[in-house]
Amino acid sequence: MQKVMIALLAGLALLALPADSNAQGDVMQVSDGSQIRYAVSVPESYDGSEAVPMVLALHYGWGGDGPPPRSYGEGYMRLLVEPALRELGAVIVAPDCPAAARRWSEPGSDRAVMELLDHVRSEYRIDADRILVTGFSLGGHGTWFMASHHPEIFSAAVPMAGWAQPEWLENMGALPLYVIHARDDEVVPLAAAEEAVAAAEAKGVPVDLVVVEKLTHYDTARYVTYLRDAVPWIQAIWSR
């Protein structure tokens with residue numbers, strides 16, 4: 001049942017693509033010889049005259065074997081991240097998780113994503129002090145990973161419906177976190193997020209936990225409201 005629901009999410013994400021989408025899909029060669037597929041959404045106001053923020057959007061999991069469907073990252077971005085964070089005026093980068101890794105926390109994914117961010121920063125004028133990572137479910141897990149392994153890259157992190165490995169929190173430093181999780185999440189229990197938040201706070205990490213009512217793990221599109229509510233928090237972080 002879980003694989004069926006994830007497949008349905010993928011279909012809904014692709015159906016959510018607007019006809020006038022300005023996302024640019026591409027494939028990048030990674031230094032280890034592998035490839036990473038990705039999409040980039042550029043705000044209409046971008047002209048290169050000023051540095052803009054960047055958002056790394058990590059998609060949820062997929063059912064079946066092999067790589068995620070093509071443009072899985074773009075579908076997720078259009079379903080949730082772009083409509084929620086449009087006000088930030090950021091370049092949004094949405095990779096497809098490398099097939100061989102199947103998790104964002106695997107070394108191959110980590111290397112590919114970091115090289116992809118370097119590539120995007122070479123293509124667009126990005127403000128290095130305003131880079132956010134966010135993701136849902138598998139991507140929420142990946143957000144905890146990226147935030148803890150690359151606190152020098154990201155200025156804030158918003159994991160949704162995700163979980164963290166306890167050892168990841170050792171190196172996070174003071175990177176601010178805004179954690180969104182549904183009370184009725186039947187795939188990743190709220191307790192997993194609460195444990196991660198408590199562990200992060202014990203390490204001195206500033207954390208805001210938002211517990212969402214009356215949503216399940218598969219109500220992904222309905223998380224737009226709650227991710228949009230994080231915009232003032234993100235802007236306050238970036239204005240410091």
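Computed from the coordinates by the stated procedures, all read-outs in this text should not be read as laboratory data. All figures in this text were calculated on a predicted structure; none of them were measured in a lab. Reconstructed Cβ throughout: ideal geometry from the backbone, glycine too, with neighbour counts over all protein chains shown.
Annotations
- Pair list, Cβ under 7 Å, 6 or more apart: the stretch 191-203 residue closer than 13 Å to Gln165 by Cα, other residue assigned to a helix (DSSP H, G or I): Ala196/Trp144; Ala199/Pro166; Ala199/Leu169; Ala200/Leu169
- Residue in the stretch 201-213 that is aliphatic (A, V, I, L, M), surrounded by fewer than 16 Cβ atoms within 10 Å (Cβ to Cβ) and out of contact with any helix residue (DSSP H, G or I) (no Cβ under 9 Å at 6 or more places or on another chain) present: no
- Verdict on Thr134 being under 17 Å from the mean Cα position of the chain (by Cα), crowded, with 20+ Cβ neighbours inside 10 Å, among the polar types (S, T, N, Q) and part of a strand (DSSP E or B): yes
- Checking each residue in the stretch 143-157 for being free of Cβ contacts under 8 Å to residues at least 40 places away in the same chain and of a type in the set (S, T, N, Q) picks out only Ser148.
- Positions within the stretch 114-131 being under 24 Å from Gln235 (Cα atoms), within 15 Å of the chain's Cα centre (by Cα) and surrounded by 19 or more Cβ atoms within 10 Å (Cβ to Cβ), in sequence order: Leu117, Arg130, Ile131
- Against the criterion of being in contact (Cβ under 8 Å) with a residue 60 or more places away in the chain, part of a strand (DSSP E or B) and of a type in the set (Val, Ile, Thr), Val55 qualifies.
- If only residues of the stretch 140-168 that are assigned to a helix (DSSP H, G or I) and among the aliphatic types (A, V, I, L, M) are counted, the one that is farthest from Glu106 (Cα to Cα) is Ala147.
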